[in-house]
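The structure appears below as structure tokens.
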Amino acid sequence: MNFYTTILGSGAALPTMARHCSGQVVNINGFRILLDCGENTQTQMRICHQKLQSAGTIFLTHLHGDHFFGLPGLLSTMHLCGRTNPVSIFAPQGIAHAMNTFMEAAGSRLNFEVNYHELSHAEGCQTVFENYLCRVSAFPLLHSVPTYGYLIEEVPRGSNPARRYAYCTDTGYTESFLPFIHKVDLLCLESTFDNSFASVAAEKLHCTSTQAATLAFKAEAGQLLLTHISARYKDPDKLLAEAQEIFPNTLVATDGESYVVHYPQGI
Ligand SMILES: [Zn+2]
Ligand SMILES: [Zn+2]
């Protein structure tokens, strides 16, 4: 079974030519989930050969612009391209009001239904979506506005164990969500700064590469994928080296690349 994520944007709040704002398409045996929808997501989907109309199930981590300013444009383009199938959007409270206000101001009308599923900021991990291929659960992260991490688990087929993928951004360092991502096969975690910016990271509620690796180590993750890289890093080698000191099986996400969620070692 295919299970991989294609990175549309691995940058932080300030997009660059190399790193766009947050967005990725997770493919679970042909079923696609869009995680975050920063500015330029629809263009990046085209560049990365992702069909726009396949993004009918969308999960937003939070309502900071670098994670959701691409949504009005994506929905408008879906409409222009003739979409009639509904779209489901899972996001923190406020998404429906924000989108309805925006679309009304723009005089935009969509020929398809948009179903908003607003998440309440309760403690713990809640299953928010399920179909015959996967299950998606949401859990709170530590950020300046309500923010959710997502755990995507495949439905096992035959004797294969179910692989698990977690996407956690934006968040300051906290161990509160470790129980929900214990032993995930691939952990995509934010690493906005290198370790010399630890105090800035703490103040802005972001992680350093060292902190991301520490979380991956404590979670006993299979592999760590760093994302939400600050525009100050033209070359992410420093982030990678710092993380690998603690958690060797680390990669830095690159826009346009796909990353497979591997089965646990030995299986
Ligand atoms: Zn962000
Ligand atoms: Zn943020």
The distance between the Cα centres of the stretch 170-232 and the stretch 91-122, in whole Å, is 29 Å
Quick calc: nm separation of the 7 Å Cα→Cβ label points for residue 123 and residue 1 -> 3.2 nm
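Below 8 Å between Cα atoms, with a sequence gap of 6+, how large is the relative contact order for the chain in percent? Before the final figure, lay out the partial values.
On the way: 640 pairs, mean separation 47.3, N = 267.
That works out to 18 percent.
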Across 5 Å bins beginning at 0, the whole-percent shares of Cα-Cα pair distances in the stretch 151-242 come to 3, 15, 25, 23, 15, 10, 5, 3, 1, 0
Distance in nm between residue 105 and residue 263 label points, each 7 Å along Cα→Cβ, equals 5.1 nm
Within the chain, excluding any trypsin sites (Lys or Arg not before Pro) found in a DSSP loop (not H, G, I, E or B) and having at most 12 other Cβ atoms within 10 Å, the longest uninterrupted segment runs 52-108
Ranked by GNM mean-square fluctuation in the chain (Cα springs under 10 Å), the top entry among 72, 15, 86 is 86
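Taking the Cα centre of the chain as origin, sum charge times position over the Cβ atoms of Lys and Arg (+1) and Asp and Glu (-1), and report the length of that vector in debye to the nearest 20.
Details: 16 positive and 23 negative charges, 128 e Å.
Taking the Cα centre of the chain as origin, the dipole is about 620 debye.
Calculate the translational D of the chain in whole µm² s⁻¹ from Stokes-Einstein, where the hydrodynamic radius comes from the Kirkwood formula applied to all Cα pairs, the temperature is 20 °C and the viscosity 1.002 mPa s.
Values: Rh = 18.4 Å.
In µm²/s, the coefficient is 116.
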quick note, the chain, DSSP beta bridge pairs, % antiparallel (nearest 5) is 55 percent
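On a full-extension model of 0.36 nm per residue, what is the gain between residue 96 and residue 218, subtracting their alpha-carbon distance, rounded to one decimal in nm? Could the numbers behind the result be given before it?
On the way: separation 122, 0.36 × 122 = 43.92 nm, distance 3.60 nm.
Separation in residues times 0.36 nm, less the Cα-Cα distance, equals 40.3 nm.
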Under a Gaussian network model of the chain whose springs join Cα atoms within less than 10 Å, the largest fluctuation of 227, 210, 43 belongs to 43
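Between residue 178 and residue 53, what length comes free when the chain is fully extended (0.36 nm per residue of separation minus the Cα-Cα distance, one decimal in nm)? Kindly include the intermediate steps, with their values, before the conclusion.
On the way: separation 125, 0.36 × 125 = 45.00 nm, distance 3.39 nm.
This chain segment gains 41.6 nm when fully extended.
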Among 70, 172, 124, the residue with the largest mean-square fluctuation in a Gaussian network model of the chain built from Cα contacts under 10 Å is 124
Farthest towards the positive end of the dipole of the chain, among 101, 30, 155 and with Cβ unit charges of +1 on Lys and Arg and -1 on Asp and Glu, lies the Cα of 30
Low-density loop GluC sites (Glu not before Pro), the stretch 162-267, at most 13 other Cβ within 10 Å, DSSP non-H/G/I/E/B, are 175, 220
Farthest towards the positive end of the dipole of the chain, among 200, 145, 258 and with Cβ unit charges of +1 on Lys and Arg and -1 on Asp and Glu, lies the Cα of 258
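No lab work stands behind these numbers, since they all come straight from the coordinates. All of these numbers come straight from a predicted model, not from anything done at the bench. Reconstructed Cβ throughout: ideal geometry from the backbone, glycine too, with neighbour counts over all protein chains shown.
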